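Just so it is clear, none of the values below were taken in a lab; they were calculated from the coordinates. All values derive from a computational prediction rather than experimental measurement. As a convention, Cβ positions derive from the backbone with ideal geometry for all residues, glycine included, and neighbour counts pool all protein chains shown.
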């Protein structure tokens, strides 16, 4: 089962694919590390982002998307554009794709109960993908 972990930052969706097969984790090779929404943020731009994201999920056989939830207000609040991206991902019309939001408290408690099996530095992923990787891992473990 492949889960795509997503961290939404500004107008970017940073992604990391994580496969769990018979108790073993693996990182499928993925040519895309992040998808971006163009600067205009028009309806057409959002539809293009949604189509690109859905295409990536279909190409790699992803069955679940885990998005790190952002705070709606306060010091660490997510920006308006990231909430548009979240909605575009949630509204992908694919019955086989489960999209879940993972609150920070769930991520923290899951990592406490099930620490990462390998240090992030040994994954070979780019540093900016760490949160997406952790989100994908928690997406598997919190089921």
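Looking for something surrounded by fewer than 18 Cβ atoms within 10 Å (Cβ to Cβ), touching a strand residue (DSSP E or B) at 6+ places or on another chain (Cβ under 9 Å) and closer than 19 Å to residue 130 by Cα - is there at least one such residue anywhere in the stretch 38-53?
Scanning the stretch 38-53, I find no residue that is surrounded by fewer than 18 Cβ atoms within 10 Å (Cβ to Cβ), touching a strand residue (DSSP E or B) at 6+ places or on another chain (Cβ under 9 Å) and closer than 19 Å to residue 130 by Cα, so the answer is no.
Mind checking which strands (runs of 3 or more DSSP E) fall wholly inside the stretch 33-143 and carry at least 1 residues that are within 17 Å of the chain's Cα centre (by Cα), in contact (Cβ under 8 Å) with a residue 40 or more places away in the chain and closer than 25 Å to residue 22 by Cβ?
In the stretch 33-143, the matching strands (runs of 3 or more DSSP E) lie at 64-68, 98-102.
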